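Working notes, structure below.
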Amino acid sequence: MENRAVNCELPTNNYFCPMSAAKQRIDELTDTLNHHNFLYYQEAAPTISDYDFDMMLEELIKLEKENPDLVRLDSPTQRVGGGITKEFKTVVHKYPMMSLGNTYSFEDLEEFDNRVRKQIGNDFEYVAELKIDGCAIGITYKNGMLTQALTRGDGTQGDDVSTNIKTIRSVPIKLKGEGWPEEFEVRGEVYYPLDVFANLNKEREEIGEPALANPRNAAAGTLKMQDSTVVAKRKLDAFLYFLYGEDLPYKTHWESLQAVKSWGFRVNDAARQCKDLADVKAFINKWEHERHNLNFEIDGIVIKVNSYQHQRNLGFTAKSPRWAIAYKYKAETATTTLEKITYQVGRTGAITPVANLKPVQLAGTTVKRASLHNSDQIEKLDLREGDTVYIEKGGEIIPKVVGILKDEDHNSRVKFIYTSFCPEKDCGSLLIRDEGDAQHYCPNEDGCPPQIKGKIEHFASRKAMDIDGLGKETVELLYNKGLIKNIAGIYDLTGEMLSPLKKKGAVWVNNLLEGINESNKIPFERVLFALGIRHVGETVAKKLAYHFKDIYAIKEASLESLKAVNEIGEVIALSVFEWFRNDKHIEILARLKAAGLQFRLNEDKMQPASDKLAGLTFVVSGTFINYSRDGIKETIERNGGKVSGSVSGKTSYVVAGNDMGPSKLEKAQKLGVKIISEEEFTAMLN
Ligand code: IVH
């Protein structure tokens, strides 16, 4: 490329100025990538493939590394996080973050409407919006650039979470369009899309962590995480719904929303102008049903008087504006008696309290148990056995206890004291609770029955050793009969030991033994996952297996070398390191080795892994000549690529084998995703 020294800051006689060339390319890449980010995240209409995007991003990362002074504040590379915030700075809100008056009935709403009419007459309109159930945020922009993002805090001052907010790709770092005020603040709600939240919990379950209670708390927790790189991976999103600034050139809230949208923010499309309360009620009724089809939670509808002049006339109470109100949908609730609080012990030792209830009908099902999450929850509600409690079914599947009806007997009931010891009668170990952790843990992982049974169940499960016939019930039976005491015991089972279990029959015995025998073939990476090391899910197990190649190399690895593996952080590394420092685990490993389990990566997976497919997402369909279905997926992952089950705008390539599914083919063609053959795929690797 020919470059002329136009903007070169260094004095030079040269015709070619590398600095200006780099600047020009960095600017070009930054603008182009920001534009494509906008098309992807705001418009949901990408015009280039993920691959092309990633290639440009890679070039930008490289150029920025070579020219750190040229990195633009709005560079898309800022989205991947990187900053660690030890303590969030507390900052006073320029405009206090007020709450809204709540109503649950149309009568209350009519009263609100009457009050408004009394003050400003009949010539006005409302804007009705979805009330997003997330975490409030105020983001300030100066001269078109994001300068600060604050949480609500106590409404007067909040925490500066700018680095974390910048990782949300739908929040512009540099504004689009024109006409934005020199300085303004835009308010909105950060939330977890429900599919992202479900995935997050699935991943947590896989690594033996208790599920997060609900998307709202999870969003608040994520916003306050210290490591923005982790936040960047969590895929939070945000809707913006209010503009603050001095001398705004808009007459109405609706106009502001359109302007905010044109500057590149996500404004929820459902918002409507309503000419009167009847319109508002229709909007409320419509979303009462349709809210269940959204990919985010809403807890009601916000109604705002549209005109700014009218808003000024109406003013504020001490706590909230008189020109807006929240209509909250009633969560489906019921009251019943809390008969007993019991505990559940998970396979990693996490203790979860459970409310055992007098059976009650709620949203079409009989509820006998409800989640209590942790000891803080019980203490906060001052729950006592015998209390009448409110239970609610929100977005989550398991109902939860949300409050108590403090009747006159409440105080005379015995205060509930959370156990300090493992509730399992055959364990009783002193529980531990790490600083900052909401959950208590039982540390007796090798002697606590539910943990042992949970670990055996996990070991035998489909994604791990896939032992046919060794499900929850059988594990329970074999453990109770004293036939297995840990995962290694599975391989000591014999026909003689099992045949006394007469009721089960000979076929059952044979099938189980065959299932156990077959598990010898399960590849090393799955054996590693099956061991149930805390924080080692399927993906981490694969990463460790491909990196270290055999189990003894992992066992001998220092903490530093564990941490050096791509995407293995402090917490996982420490958990793995400590697992291999436990003599009981070493003894189990020796027995599993003697039983013939795969402790080494298969030869055909030993070829050096590469980054050749980094940044690419593949969908594989059909059957292949040189690969099994799992084999081709593993090859993709070993070379840095991602495998996805369904074709979307994010798919880089569909690898088509024989008998490729017609629906995948059709979708790929419709979205313009490249379809490649097995040979073309092999050529990419070579
Ligand atoms: S307007 C002064 N609009 O609900 C105007 N708030 O219970 C204040 N919220 O603090 C906010 N969706 O965190 C507004 N479309 C929406 C909203 C919304 C969710 C939250 C927000 C607010 C709380 C009030």
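The values are calculated or read from the model by the stated rules, or taken from the named source; none is laboratory data. Please read these numbers as outputs of a predicted model, since none were measured by experiment. Neighbour counts are summed over all protein chains in view; Cβ atoms, including those assigned to glycine, are modelled from backbone coordinates with ideal geometry. With ligands, DNA and RNA removed, areas are computed over all heavy atoms of the protein, side chains included. Shrake-Rupley method; radii C 1.70, N 1.55, O 1.52, S 1.80 Å.
Take residues that are aromatic (Phe, Trp, Tyr) and either within 15 Å of the ligand (Cβ to nearest atom) or farther than 25 Å from LEU212 by Cβ (or both) and tell me which of the helices (runs of 4 or more DSSP H) falling wholly in segment 238-354 contain 2 or more. So that I can check it myself, show each step before the final result.
Working: elements: 253-262, 277-290, 308-314.
By residue number, 277-290.
Inside segment 72-111, can you point out the residues that are assigned to a loop (DSSP other than H, G, I, E, B) and open to solvent by 60 Å² or more (accessible area, probe 1.4 Å)?
First pass over segment 72-111, keeping only residues assigned to a loop (DSSP other than H, G, I, E, B): 72-75, 81-83, 85-89, 93-100, 104-105.
LEU73, LYS86, GLU87, LYS89, LYS94, PRO96, MET98, TYR104, listed by residue number.
Filter segment 91-109 for residues that are among the aromatic types (Phe, Trp, Tyr) and more than 12 Å from the ligand (Cβ to nearest atom); which is farthest from ILE132 (Cα to Cα)?
Let us first name the residues in segment 91-109 that are among the aromatic types (Phe, Trp, Tyr), namely 95, 104, 106.
Filter once more, keeping what is more than 12 Å from the ligand (Cβ to nearest atom): 104, 106.
Working: TYR104: 16, PHE106: 20 Å.
My answer is PHE106.
Yes/no matrix, rows are residues, columns are (1) in contact with a helix residue (DSSP H, G or I) (Cβ under 7 Å, 6 or more places away or on another chain); (2) assigned to a loop (DSSP other than H, G, I, E, B):
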{"site": "PRO423", "(1), (2)": "no, yes"}
{"site": "ASP437", "(1), (2)": "no, yes"}
{"site": "GLY447", "(1), (2)": "no, yes"}
{"site": "GLN451", "(1), (2)": "no, no"}
{"site": "ILE456", "(1), (2)": "yes, no"}
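If ALA149 passes every condition in (1) surrounded by 18 or more Cβ atoms within 10 Å (Cβ to Cβ); (2) within 13 Å of the ligand (Cβ to nearest atom); (3) farther than 30 Å from THR651 by Cβ but one, which one does it miss?
(2)
So in segment 125-143, with the set limited to residues that are open to solvent by 20 Å² or more (accessible area, probe 1.4 Å) and in contact (Cβ under 8 Å) with a residue 60 or more places away in the chain, which one is nearest to the ligand (Cβ to nearest atom)?
Ranking the qualifying residues of segment 125-143, first place goes to LYS131.
Within segment 543-586, work out how many residues are touching a Phe, Trp or Tyr at 6+ places or on another chain (Cβ under 8 Å), of a type in the set (D, E, K, R) and either assigned to a helix (DSSP H, G or I) or at pLDDT below 90 (or both).
Total satisfying the criteria: 1.
Yes or no: segment 591-599 includes at least one residue that is hydrophobic (A, V, I, L, M, F, W, C) and within 30 Å of the chain's Cα centre (by Cα). It would help to see each step written out before you state the result.
Initially, segment 591-599 is screened for residues hydrophobic (A, V, I, L, M, F, W, C), giving 592, 594-595, 597, 599.
Then drop every residue that is not within 30 Å of the chain's Cα centre (by Cα), which leaves none.
No - not one qualifying residue is present in segment 591-599.
Select from segment 659-680 the residues that are outside any helix (DSSP H, G or I) and modelled with pLDDT under 85 and write down the one among them that is farthest from the chain's Cα centre (by Cα). Break it down stepwise before answering.
Within segment 659-680, the subset outside any helix (DSSP H, G or I) is 659-661, 672-677.
Applying the additional criterion that residues be modelled with pLDDT under 85 yields 659-661.
Working: ASP659: 35, MET660: 32, GLY661: 30 Å.
The extreme case among them is ASP659.
Could you grab me the full set of residues in segment 154-169 that are open to solvent by less than 50 Å² (accessible area, probe 1.4 Å) and touching a strand residue (DSSP E or B) at 6+ places or on another chain (Cβ under 6 Å)?
Passing the criteria: GLY158, ASP159, ASP160, VAL161, SER162, ILE165, ILE168.
Looking at segment 252-266, which of its residues are more than 27 Å from the chain's Cα centre (by Cα), within 16 Å of LEU146 (Cα to Cα) and open to solvent by 30 Å² or more (accessible area, probe 1.4 Å)?
Hit for segment 252-266 is SER262, nothing else.
Of the residues ILE325, ILE303, only one is touching a Cys at 6+ places or on another chain (Cβ under 9 Å) and buried (at least 19 other Cβ atoms within 10 Å of the Cβ); which?
Working: ILE325 fails: touching a Cys at 6+ places or on another chain (Cβ under 9 Å).
Result of the check over ILE325, ILE303: ILE303.
Filter segment 606-652 down to the residues that are in a loop (DSSP other than H, G, I, E, B), of a type in the set (S, T, N, Q), touching a Lys or Arg at 6+ places or on another chain (Cβ under 8 Å) and surrounded by 20 or more Cβ atoms within 10 Å (Cβ to Cβ) and list them by number.
SER652
I need the full set of residues from segment 461-482 which are surrounded by 15 or more Cβ atoms within 10 Å (Cβ to Cβ) and closer than 20 Å to PRO210 by Cα, in order please.
Listed by number, the residues that qualify are SER461, ALA464.
Suppose we filter ARG216, ARG204 for residues that are open to solvent by 30 Å² or more (accessible area, probe 1.4 Å) and free of Cβ contacts under 8 Å to residues at least 12 places away in the same chain; which single one remains?
Numbers: ARG216 fails: free of Cβ contacts under 8 Å to residues at least 12 places away in the same chain.
Residue meeting the stated conditions: ARG204.
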